[in-house]
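Just below is one structure, and these are the notes that go with it.
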Amino acid sequence: MPDVQSLVNDFVNQLKTRKIEGSQATAKQTAEFLRSVISQQRVPHTNQAAALINAVRDVGEQLIAANPVELAVGNIVRRVLHIIREEDHSLTTAAVAGLGLTAASDDENDVDRDDHPVLSAAVVAAAARSTLRPPSLQTLLEDMPDSTAIPPPSSSGGESEGKSRSVDKGSIGRKLKHDVIEAVNELIQDIATCYDQIAEQAVEHIHQNEVILTLGSSKTVLEFLCAAKEKKRSFKVIVSEGAPRYQGHLLAKELAARGLQTTLITDSAIFAMISRVNMVIVGAHAVMANGGVIAPVGLNMVALAAQRHAVPFVVLAGSHKLCPLYPHNPEVLLNELRSPSELLDFGEFSDCMDSASGAGSLHVVNPTFDYVPPKFVSLFITDTGGHNPSYMYKLIADYYSADDLVVKRRALTGN
């Protein structure tokens with residue numbers, strides 16, 4: 001089996017060479033790769049969570065640097081770090097609760113005791129002190145009786161007493177790894193089904209005889225519109241072509257093939273057509289912590305037109321596209337420039353681009369993304385439901401830990 005670093009190098013190379021395209025595919029493969037890293041990571045007897053966090057940070061920093069424009073990579077790295085912290089906290093809480101139950105239960109025959117034991121002040125204080133120094137989880141579990149062991153008779157000697165208070169140190173690490181891997185599997189499943197989860201909500205937002213405007217091509221938008229069509233909704237779709245890559249042509253062709261009434265327009269005709277539109281529905285590259293949207297170039301113009309004519313501007317985005325960073329964060333690379341060949345033929349304009357000729361030179365700028373401020377967005381539809389832009393910060397806070405906003409390798413001393 002190849003070592004972890006060789007696997008990291010292979011995956012980094014795929015990200016650098018853009019062999020993985022699309023936020024959903026990138027997020028899914030990143031989560032699967034981190035799951036593999038965690039499964040191969042050897043966990044020490046103490047500070048298991050810290051060891052896993054260090055391993056994920058070490059790998060995550062390399063993955064983010066390989067393709068900083070694809071924010072889904074960093075999102076998944078931070079999601080996995082949050083999962084490790086949550087699972088470790090869950091195990092610690094269970095250990096504290098078990099320790100409190102043991103300390104408070106002096107009468108084994110008290111069957112009427114409350115299901116939620118009250119921890120004594122001494123137990124709480126001991127648990128609080130133990131969290132200030134490693135290994136907190138190990139210290140708690142070493143003094144915790146085996147919950148699966150049968151209580152020995154009172155007349156028996158110390159033969160089974162030692163067994164009831166012994167804990168396999170290696171099993172604790174395996175338990176944490178198992179829980180983390182299970183949680184990452186759930187994350188992968190959520191990413192894989194995000195299109196279906198979003199599409200199920202289409203019938204609630206698209207109504208009979210409406211006119212929908214979109215720009216470029218988005219699989220999320222495609223499945224959303226087709227799901228409404230399958231629910232017997234009759235509506236029209238206007239697709240802006242999304243120059244210079246003209247991805248809108250592909251979307252318009254696919255919509256027409258699935259039986260939707262589709263009209264293809266140029267990007268410059270958006271303002272002329274927006275007055276006929278009931279709703280704008282678009283996809284997103286990323287949703288920032290302030291509710292702003294990084295989207296394909298041209299969408300800011302669509303948002304301006306929608307606001308000018310009071311047309312709802314709806315953004316579809318899976319939870320893997322929710323980024324905990326703000327647009328002004330130096331770690332956020334908002335844009336990248338694509339090849340000028342998408343705009344001009346080098347052979348035809350080579351003379352104009354030669355600055356050494358003494359004449360004026362021609363520069364071609366071909367940005368990939370636009371930034372749409374949150375004030376232009378009417379509604380976000382994610383795989384967890386519809387959300388107002390002002391609520392996005394709270395939704396994002398449920399997926400990430402504040403300690404993981406900056407992903408870089410550093411030594412951790414605690415859980």
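The values are calculated or read from the model by the stated rules, or taken from the named source; none is laboratory data. Quantities reported herein were computed from a predicted structural model and do not represent experimental measurements. When we count neighbours, we look across all protein chains shown, and the Cβ atoms used for this are built from the backbone with ideal geometry, even at glycine. Areas reflect the complete protein model, heavy atoms only, side chains present, ligands, DNA and RNA absent. Shrake-Rupley method; radii C 1.70, N 1.55, O 1.52, S 1.80 Å.
Go through the residues of the stretch 293-304 one by one and say whether even a single one is farther than 30 Å from Tyr393 by Cα and assigned to a helix (DSSP H, G or I). Before you say what the answer is, go through the steps one by one.
Within the stretch 293-304, the first condition is being farther than 30 Å from Tyr393 by Cα, and the residues that meet it are none.
There is no residue in the stretch 293-304 that is farther than 30 Å from Tyr393 by Cα and assigned to a helix (DSSP H, G or I).
For the subset of the stretch 205-221 comprising residues that are open to solvent by 20 Å² or more (accessible area, probe 1.4 Å) and within 29 Å of the chain's Cα centre (by Cα), which member is nearest to Ala284 (Cα to Cα)?
Ser218
Over 17 Å from Val293 (Cβ atoms), within 29 Å of the chain's Cα centre (by Cα) and at pLDDT below 85: is that true of Glu348 in this structure?
Considered against the rule, which asks whether it is over 17 Å from Val293 (Cβ atoms), within 29 Å of the chain's Cα centre (by Cα) and at pLDDT below 85, Glu348 comes out as no.
Got a number for residues in the stretch 17-35 being modelled with pLDDT of 95 or more and open to solvent by 40 Å² or more (accessible area, probe 1.4 Å)?
Residues in the stretch 17-35 being modelled with pLDDT of 95 or more and open to solvent by 40 Å² or more (accessible area, probe 1.4 Å): 4 in total.
Within the stretch 163-174, does at least one residue satisfy the condition of being hydrophobic (A, V, I, L, M, F, W, C), surrounded by fewer than 20 Cβ atoms within 10 Å (Cβ to Cβ) and at pLDDT below 95? Even if it seems obvious, please write down each step before you answer.
Narrowing the stretch 163-174 to residues hydrophobic (A, V, I, L, M, F, W, C): 167, 172.
Filter once more, keeping what is surrounded by fewer than 20 Cβ atoms within 10 Å (Cβ to Cβ): 167.
Then keep just the ones that are at pLDDT below 95; that gives 167.
Scanning the stretch 163-174 turns up at least one residue that is hydrophobic (A, V, I, L, M, F, W, C), surrounded by fewer than 20 Cβ atoms within 10 Å (Cβ to Cβ) and at pLDDT below 95.
Residue pairs, Cβ under 7 Å, 6 or more apart or interchain, first in the stretch 24-52 and touching a residue at least 40 places away in the same chain (Cβ under 8 Å) and over 17 Å from Asp10 (Cα atoms), second among the charged types (D, E, K, R) and open to solvent by less than 20 Å² (accessible area, probe 1.4 Å). List them.
Hits for this filter: Ala49/Asp88.
State all residues of the stretch 233-265 that are of a type in the set (Ser, Thr, Tyr) and open to solvent by 50 Å² or more (accessible area, probe 1.4 Å); if no residue qualifies, say none.
Of everything in the stretch 233-265, those that are of a type in the set (Ser, Thr, Tyr) and open to solvent by 50 Å² or more (accessible area, probe 1.4 Å) turn out to be Tyr246, Thr263.
Go through the stretch 266-310 and give me each residue that's within 24 Å of the chain's Cα centre (by Cα), surrounded by 19 or more Cβ atoms within 10 Å (Cβ to Cβ) and over 19 Å from His387 (Cα atoms).
Pro296, Val297, Leu299
Could you tell me how many of the residues in the stretch 229-277 are among the acidic types (Asp, Glu) and in contact with a Ser or Thr (Cβ under 7 Å, 6 or more places away or on another chain)?
2
Residues that are touching a residue at least 40 places away in the same chain (Cβ under 8 Å): which helices (runs of 4 or more DSSP H) entirely in the stretch 195-289 hold 3 or more of them?
Filter on the stretch 195-289 gives 219-230.
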